[in-house]
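To start, I am sharing the structure in question, which I have written as C-alpha cells.
Read the figures in this text as sums done on the coordinates, not as results from a lab. Only a predicted model underlies this, so the values are computations on that prediction, with no experimental measurement involved. Here Cβ is always computed from backbone atoms with ideal geometry, including for glycine, and neighbour counts include all displayed protein chains.
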Amino acid sequence: MISQFFVLSQRGDNIVFRDYRGEVQKGSAETFFRKVKFWTEDGEGDAPPVFNVDGVNYFHVKVAGLLFVATSRANVSPSLVLELLQRIARVIKDYLGVLNEDSFRKNFVLVYELLDEVIDFGYVQTTSTEVLKSYVFNEPIVIDAARLPSLGPASIFMQGTTRMPGTAITKSVVSNEPGGRKREEIFVDVIEKISVTFNSSGFILTSEIDGTIQMKSYLTGNPEIRIALNDDLSIGASDYRGSGAVILDDCNFHESVPPDGEFPVMNYRMTQPFKPPFRINALIEETGSLKAEVTIKIRAEFNSSINANAVVVQMPLPTNTIRVNFELEPGAVGNTTDFKETNKRLEWGLKKVVGGSEHTLRAKLAFSQELHGNIMKEAGPLSMNFTIPMYNASKLQVKYLQIAKKSKTHNPYRWVRYVTQANSYVARL
C-alpha cells in the first residue's frame with residue numbers, strides 16, 4: 001500500500017504527482033528531493049533507495065534520468081514497492097515509446113490514465129501492458145526520434161547482415177504506422193553485465209556475468225514464440241567442458257511469454273571462467289619526496305572488428321594530492337583526462353577502443369606533504385566502465401527466433417543485438 005506516487009526530473013521539477021490516500025503532507029516531493037540531493041549520513045555517495053523522514057517512508061528508483069518515487073506511512077515491503085516503481089516505469093515506456101521528461105509532459109493525460117488503472121487507493125491493480133490495453137484509450141503523442149540523443153553503435157540491431165537503428169524500439173506498443181497498419185516485429189536484446197576483479201599481478205580473482213535476454217514485442221494476436229540458444233548450453237554443474245560450451249550457473253524465465261511491450265524473457269548468471277574483454281595493469285611509484293607517477297595500461301582482448309564505447313577508467317589518489325599532470329601516447333585521439341580535486345580521483349576517458357589495441361596513460365602526481373604510509377595503500381583500486389556492442393563474454397547466442405505463423409504472408413521482422421557492460425570491473429594495485 002502506497003500513499004503517493006510522483007516523478008521528478010534531475011532538477012527536482014515535479015512532472016507527475018498522484019496522492020492516493022491523503023496521509024502524507026503535500027510538500028513530500030520537495031522534502032524527498034532535498035534529502036536525496038544533500039545526502040550526508042555517510043559523508044558521500046547516493047541516497048539509499050529506501051529511507052524514512054519524519055515517519056514517512058520514501059522509496060525511489062532512477063530510470064532514464066528520472067526519479068520514480070513512492071511514499072507510505074505503512075510498514076510495506078521495500079522490495080515490493082521498488083519492483084512496483086520499476087514496472088510502472090516499464091508500462092509508461094511501453095505506451096510512450098521513449099522515457100524522458102519531454103515525452104511525459106506531452107503525454108501527461110495518458111500517464112495519469114495509466115496511473116489510475118495501475119493503482120487504486122494505493123493498492124496495485126495490474127502492471128500488465130496487455131491487460132491495460134482494455135482500459136486505457138488515449139493515444140500517445142509520439143516523440144520525434146530525430147530529437148533523441150544518439151546511442152552510438154551500441155544501439156544497432158541486427159537481422160543477418162541487415163541493420164536497424166535502436167530508435168526503432170522508441171515507438172509505442174499501441175500506436176500504428178502511417179496508414180493505420182501495425183508493423184509486425186520483435187526486438188531481442190542480450191545484455192550482459194560483467195564483474196571482474198584483478199589482483200596486482202593482473203590475475204583474475206573473481207569473475208561473474210549477470211545476463212538478461214530482453215524482448216520488446218510489436219506482434220499482434222500473442223503468437224507462440226520459440227527461441228533457440230546454443231546447442232552446447234548447460235545449466236548448473238556439468239562435466240562437459242568442450243570448446244565453445246556455455247555453462248550457466250542458474251537462470252529463470254518470464255512466467256508468461258510473450259506479453260505486449262518490453263519484458264525480460266530470461267535472466268541468467270555465470271561464474272565459470274571466461275575471457276575478460278579488457279586487461280588492466282596499473283602501477284604507482286614514488287619519484288621524490290612529494291612526487292609520484294602512475295602508469296595505467298589497458299588492452300582490448302576482443303576481435304578487431306568490435307569497438308568498445310564510452311570507456312572510463314577511474315582511480316582514487318592519495319588524499320594529499322594537489323596536482324596531476326597527464327601524458328598520453330603520441331597520436332592518441334578521443335581521449336580525455338581529468339583530476340577530480342574534490343574527491344581526489346583520476347579519470348581517463350576513451351571515446352572508442354578498437355579490439356586488439358593497447359592504450360597507456362601516465363600521470364605525474366604532486367603532494368602537499370609527505371606520505372605517512374605506503375603509497376600503494378593510499379591509492380586505488382582502479383575501476384573501469386565500458387559498453388561493447390555486438391559482443392557477449394559468455395558466448396550465449398540466439399540461434400533462431402521462431403514465430404508461429406497465422407498465414408503464409410505473416411512474416412514478422414526479427415531483430416537481435418548484443419551488448420556487454422561493466423558492472424564492477426576492478427584492478428587492485
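What Kirkwood Rh does the stretch 285-392 have if only Cα atoms enter the pairwise 1/r average? Answer in Å.
Roughly 14.8 Å, rounded to one decimal.
How far, in nm, would the chain grow between Asn14 and Asn335 when pulled straight, counting 0.36 nm per residue and subtracting the alpha carbon separation?
Full extension of this stretch gives 111.8 nm more.
Set the Förster distance to 30 Å, then compute FRET efficiency between Asp116 and Lys35 from the Cβ-Cβ distance, nearest 0.05.
0.60
Let me ask another. Which distance in Å, rounded to a whole number, links the C-alpha centroids of the stretch 297-357 and the stretch 1-71?
Centre-to-centre (Cα) distance: 35 Å.
Based on the Kirkwood radius over alpha-carbon pairs, what is the Stokes-Einstein translational diffusion coefficient of the stretch 11-91 at 25 °C with 0.890 mPa s viscosity, in µm²/s?
Reported coefficient: 184 µm²/s.
Calculate the FRET efficiency for Val53 and Arg87 from the Cβ-Cβ distance with a Förster distance of 22 Å, rounded to the nearest 0.05.
0.35
Still on this model: Among residues other than Ala300 whose Cβ falls under 10 Å from its Cβ, what is the net charge (Lys/Arg +1, Asp/Glu -1)?
0
What does the charge count near Met376 come to, summing +1 for each Lys or Arg and -1 for each Asp or Glu among other residues with Cβ under 12 Å from its Cβ?
-1
Say each of Ser424 and Glu293 gets a label point 7 Å from the Cα, pointing the same way as Cα to Cβ; how far apart are those two points in nm?
Modelled inter-label distance: 3.4 nm.
Related question: Test of understanding: what is the full-extension gain from Lys395 to Val354, defined as 0.36 nm times their sequence separation minus their Cα-Cα distance?
12.8 nm
Step through the residues of the stretch 375-392 one at a time and calculate ³J(HN,Hα) from phi using the Karplus curve (6.51 cos²θ - 1.76 cosθ + 1.60, θ = phi - 60°), rounding each to whole Hz and writing x for Gly and Pro.
4, 5, 7, 8, 10, x, x, 8, 10, 9, 10, 6, 9, 10, x, 6, 8, 9
Arrange the peptides 53-63, 72-82 so that the one whose residues have, on average, the most other Cβ atoms within 10 Å appears first.
Listed from highest to lowest mean packing, they are 53-63, 72-82.
Report the full-extension gain for the segment Val63 to Thr220: residue separation times 0.36 nm, less the Cα-Cα distance, to one decimal in nm.
53.7 nm
Work out from phi, with θ = phi - 60° and the Karplus expression 6.51 cos²θ - 1.76 cosθ + 1.60, the ³J(HN,Hα) of each residue of the stretch 71-81, listed in order in whole Hz, and give x for Gly and Pro.
Result, ordered by residue: 10, 7, 8, 7, 8, 9, 5, x, 5, 5, 5 Hz.
From the cross-link list Lys62/Lys364; Lys37/Lys291; Lys106/Lys351; Lys275/Lys352; Lys351/Lys399; Lys193/Lys352, which pairs have alpha carbons spaced over 26 Å apart?
From Lys62/Lys364; Lys37/Lys291; Lys106/Lys351; Lys275/Lys352; Lys351/Lys399; Lys193/Lys352, over 26 Å: Lys62/Lys364; Lys37/Lys291; Lys106/Lys351; Lys351/Lys399.
Right, next: Looking at the stretch 1-93, which GluC sites (Glu not before Pro) are in a loop (DSSP not H, G, I, E or B) and have at most 11 other Cβ atoms within 10 Å?
Passing both the DSSP loop test and the Cβ count: Glu41, Glu44.
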